[in-house]
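The block underneath contains the structure these notes are about, expressed in structure tokens.
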Amino acid sequence: MPENIYEARMAGCTLGGALSVACFIPGAVAVVHAPQGCVHQTFSMLHAMANESEVWTVPEILVSNIGDREVIFGGEERLSATLDEAAAKNPDLILVVTSCVPETIGDDCGAVCARHPYADRIVYVPTSGFLGGSAKDGENAVLAALARRAPVADLIPGTVALVGEKNLESEADQNYAEVERLLARLGLRITIRFCRNCNYATLMQLGTAACFILRDERAADAGRIIGERFGRPVIPEFPRGLSGCLAFLRATGAACGVAEERICAAVAEETAYQELMLSKFSNLSGKTIFLGAEPFAGTTAVAREAAARLGMQERADGFLIRLPFYLPIGTAGVEKMLYLWRRAVNNG
Amino acid sequence: MAENTCANPVWPCAMTGAVATLAGFPDICVIIHGSSGCYYYPRSLLKVPLFSTYLLESEIVFGTIDRLHEVVTEVAATGRPIAVVNTCVPALTGEDLKTAFSEETAMFVDAPGFCGNAEQGAVKAFEAMMPDVAADRPGINIDGINLLDLFWRGNLHETERLLALLGIPVAVRFCRDTWKNLRKGAAPVTVSANSSYASGVGTCIGSMLFPDMPKTIDRCLAQFPNADADAVLAEHQRAEEQMFYSCDKYLRKYTPPVVAVAAQESYAVFAKAMMERYFGSDVPVIFARDRPAPEVPYSVNSAEINADIAAAEPDLILGSTFEAAACRKAAFFGITPPDRSRVSVAARPLAGVEGGLVLIEGALNALMNRHAAEEKKR
């Protein structure tokens, strides 16, 4: 729960967060014990995102469809019937999450799941809509529940797992590609995206990763559980900004036991790569800019660093630069941000 | 409406419908009494200012009335009318929210999501607004305008234009009007642009969807003897000829398209009738989002709808992009939200003369594009 009451009020619902993880496991079925309107919201979001990415299949979410009758007489039968329908699909896994309504009417969802014939393949996550916290809490609850099912295993050298990618952000795969590019400099490869389009069997190999890289602090709760469960290092976030990339290479290299010479070489290669990237924007040198409001924590620091590297001045009467509503990931993220700056400076 | 398990439900809840209805009166401050999770969806969908109590779990435990008072008091400082729309959990905890403030301070709409769909929420909003009919109010009300409808702006403009041609003034637009105008009282007579969003205010004498227009205009003439229908009927006749002409041209080259339809009941029936009349189409799949009708089953279950569509192998889908995703080979024209196949910012109607033309034009262009793409592949 966020400490700030304003943040807590605006923090969304666990259901959306939980489904943003649960719906990205091929071979699994997400079951939601809720009125159908709650799931329509998430389904619409997934549909919008899929259209943007030109992906035409959206994961199936089964909703128990709590209505007036269930509110009065209880909804456990509906949940059980929905689990029957889910089980009939013979999935690898059924992930059950709940909205605020069954929590309020007192349904014992855990018991329904436990006594179902498919119980051994059911993961029940009592998210409870907003009564269980925020969207972030929903994401972490599902990540943690799945991590607890993954067995402790021997480490496979040179492998890493990404944890808590933001499945609903439109540039999720571009960010992945950037992290993959950086890790390749260290000779590391990503074996598990926990949970983005990895099937259940792959997710259960989480314990083989030499280290875990969290998408950002949003996944910190799950990251703590994963780090403790497998006793391996956890990198707290994807690389942000130019110097952040270099720090990320050093930290991840060290966490995975990469030789110091290789880490130094990777940092040198990336530094040269960044210089080359910045040279494309040399016409911005000496320009004065004014960085607008920070829409996403951390963006201003990344922008200031890039401006300084390009020899730009920051002044109140400079070109107004609208900072992106996301944190630029890696050198590629900074490059995309600079294209927007160049457009603003050249075209007003 | 649905009692069974549903896969990927395609239609919003009652709370969203109630909010969309009330938000059609931009001078009303609409407060969603619920969590931010409930607030974000209508806010992002409708793109209009909305308020919320952004409830926390602790407020559910200790009661939400104080928080509601806090927000209502703050919003009341604007001096504008207030509507409070209730959501699932505060509707279940047994608090007497309806009497928590006077009717003068705010109207209370108990439309928790579990009580039904968007249309049922709209009905609850109308009940709370209690629009009076003023027997002496001249003109006619326009009904069936709802911000959730892809065509609401176009339908409103087109219906106003046609009524102006008839010489009949517009009284109240349900729902895109001012609270002040509503409080003057509605006219006793109403026409509808989309009967799935019925206000129930006044006597509805008919629909302004293209096939229904001649009858509706006859009834208008009976109610308003001084109205002049010649121009509208001439337009209707010209549009009819144009649609036959364009479809005939298509049918010289191609066989009648097999069509799948999924939309609100009013638009579904309309789309089916249009495709049968002008293309001679078979419509083997038709689903209504809000209520069943003769030969039109109800479903909001995306898996069920899409399985039927895929099995029918239609040439054309008239529905939302939820259905379009089921059969990528088929041509598609969006008649119900969401339509993510295109950027849509202009006001296009589905009602009236232009609405009929928009549907046939959209269907023809989608089909021709599909044929062109197939040709290219060969």
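The values are calculated or read from the model by the stated rules, or taken from the named source; none is laboratory data. If you're wondering where the values come from, they're calculated on a predicted model, not measured in any experiment. Cβ: placed from backbone, ideal geometry, glycine included. Neighbour counts: every protein chain shown. Side chains included, ligands, DNA and RNA excluded: accessible areas come from the protein's heavy atoms. Shrake-Rupley method; radii C 1.70, N 1.55, O 1.52, S 1.80 Å.
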(request) Quick one: count up the residues across region B:15-46 that are part of a helix (DSSP H, G or I), within 17 Å of the chain's Cα centre (by Cα) and of a type in the set (A, V, I, L, M, F, W, C). (result) 7
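Matching residues to (1) in the same structural domain as B:ALA164 (by TED's automatic domain parsing); (2) open to solvent by 50 Å² or more (accessible area, probe 1.4 Å):
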residue: B:ASN194; (1), (2): yes, no
residue: B:THR203; (1), (2): yes, yes
residue: B:ASP212; (1), (2): yes, yes
residue: B:GLN223; (1), (2): yes, yes
residue: B:ALA239; (1), (2): no, no
residue: B:GLN242; (1), (2): no, yes
(message) For B:ALA134, only one of the following conditions fails: (1) within 14 Å of chain A (Cβ to nearest Cβ); (2) open to solvent by less than 70 Å² (accessible area, probe 1.4 Å). What is its number?
(response) (1)
(request) Take B:ASP177 and decide whether it is acidic (Asp, Glu) and under 30 Å from B:ALA106 (Cβ atoms). (result) yes
(message) Suppose we filter B:TYR40, B:TYR54 for residues that are at positive phi and within 12 Å of chain A (Cβ to nearest Cβ); which single one remains?
(response) B:TYR54
(request) Determine if region A:37-54 includes at least one residue that is of a type in the set (Ser, Thr, Tyr) and surrounded by fewer than 15 Cβ atoms within 10 Å (Cβ to Cβ). (result) yes
(message) Return the residues of region A:96-111 that are within 27 Å of B:GLU59 (Cβ to Cβ) and open to solvent by 20 Å² or more (accessible area, probe 1.4 Å); say none if nothing qualifies.
(response) A:GLU103, A:THR104, A:ILE105, A:GLY106, A:ASP107, A:ASP108, A:GLY110
(request) Could you grab me the full set of residues in region B:104-130 that are open to solvent by 10 Å² or more (accessible area, probe 1.4 Å) and either among the aliphatic types (A, V, I, L, M) or over 28 Å from the mean Cα position of the chain (by Cα) (or both)? (result) B:GLU104, B:THR105, B:MET107, B:VAL123, B:ALA128, B:MET130
(request) State all residues of region A:76-95 that are open to solvent by 10 Å² or more (accessible area, probe 1.4 Å) and of a type in the set (A, V, I, L, M); if no residue qualifies, say none. (result) A:ALA81, A:ALA87, A:ALA88
(message) What's the total number of residues in region A:282-305 that are among the small types (Gly, Ala, Ser) and within 25 Å of the chain's Cα centre (by Cα)?
(response) 5
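Just name the residue that is surrounded by the most Cβ atoms within 10 Å (Cβ to Cβ) out of those in region B:57-83 that are in contact with a helix residue (DSSP H, G or I) (Cβ under 7 Å, 6 or more places away or on another chain) and away from every other protein chain (no Cβ under 14 Å).
Going through region B:57-83, the residues in contact with a helix residue (DSSP H, G or I) (Cβ under 7 Å, 6 or more places away or on another chain) turn out to be B:57, B:59-60, B:64, B:67, B:81-83.
If we keep only those that are away from every other protein chain (no Cβ under 14 Å) too, we end up with B:81-83.
Working: B:PRO81: 21, B:ILE82: 21, B:ALA83: 24.
It comes out as B:ALA83.
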(request) State all residues of region A:303-332 that are open to solvent by 10 Å² or more (accessible area, probe 1.4 Å), part of a helix (DSSP H, G or I) and under 18 Å from A:GLN174 (Cα atoms); if no residue qualifies, say none. (result) A:ALA332
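Residue-wise test of (1) out of contact with any Phe, Trp or Tyr (no Cβ under 7 Å at 6 or more places or on another chain); (2) more than 19 Å from A:PRO59 (Cα to Cα).
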site	(1), (2)
A:ALA86	yes, no
A:ASN90	yes, no
A:VAL96	no, no
A:ALA114	yes, yes
(message) Against the condition open to solvent by 30 Å² or more (accessible area, probe 1.4 Å) and in contact with a Ser or Thr (Cβ under 6 Å, 6 or more places away or on another chain), how does A:ALA114 come out, does it pass?
(response) no
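If we only count helices (runs of 4 or more DSSP H) wholly inside region A:187-299, which ones have 3 or more residues that are surrounded by fewer than 21 Cβ atoms within 10 Å (Cβ to Cβ) and charged (D, E, K, R)?
Once the helices (runs of 4 or more DSSP H) in region A:187-299 are filtered for at least 3 residues that are surrounded by fewer than 21 Cβ atoms within 10 Å (Cβ to Cβ) and charged (D, E, K, R), what remains is A:220-230, A:260-279.
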(request) List every residue pair whose Cβ atoms lie under 6 Å apart, where the two residues are 6 or more positions apart in sequence or sit on different chains, the first residue falls within region A:101-117 and is assigned by TED's automatic domain parsing to the domain that holds A:ALA81, and the second residue, located anywhere, is open to solvent by 50 Å² or more (accessible area, probe 1.4 Å) and outside any helix (DSSP H, G or I). (result) A:GLY110/A:TYR124; A:CYS113/A:TYR124
(request) State yes or no: is B:VAL19 under 17 Å from B:PRO337 (Cβ atoms), of a type in the set (A, V, I, L, M) and surrounded by fewer than 17 Cβ atoms within 10 Å (Cβ to Cβ)? (result) no
(request) Among the helices (runs of 4 or more DSSP H) lying completely within region A:56-169, list those that include at least 3 residues that are within 14 Å of chain B (Cβ to nearest Cβ) and either of a type in the set (A, V, I, L, M, F, W, C) or out of contact with any Leu (no Cβ under 8 Å at 6 or more places or on another chain) (or both). (result) A:68-73, A:76-88, A:100-105, A:135-149
(request) Considering each of B:ASP27, B:ASP96 in turn, give the residue that is among the acidic types (Asp, Glu), closer than 30 Å to B:ASP143 by Cα and away from chain A (no Cβ under 14 Å). (result) B:ASP27
(message) I'd like to know if region A:141-148 contains one or more residues that are open to solvent by 50 Å² or more (accessible area, probe 1.4 Å) and modelled with pLDDT of 95 or more.
(response) yes
(request) Keeping to region A:243-279, report how many residues are out of contact with any Leu (no Cβ under 8 Å at 6 or more places or on another chain) and closer than 24 Å to A:VAL163 by Cβ. (result) 9
(message) Considering only region B:6-14, I want to know if a residue exists there that is β-branched (Val, Ile, Thr), within 12 Å of another protein chain (Cβ to nearest Cβ) and under 15 Å from the mean Cα position of the chain (by Cα).
(response) yes
(message) Can you tell me which condition B:PRO169 does not meet? The list is (1) over 15 Å from B:PHE25 (Cβ atoms); (2) open to solvent by less than 50 Å² (accessible area, probe 1.4 Å); (3) not aromatic (Phe, Trp, Tyr), and all the others hold.
(response) (2)
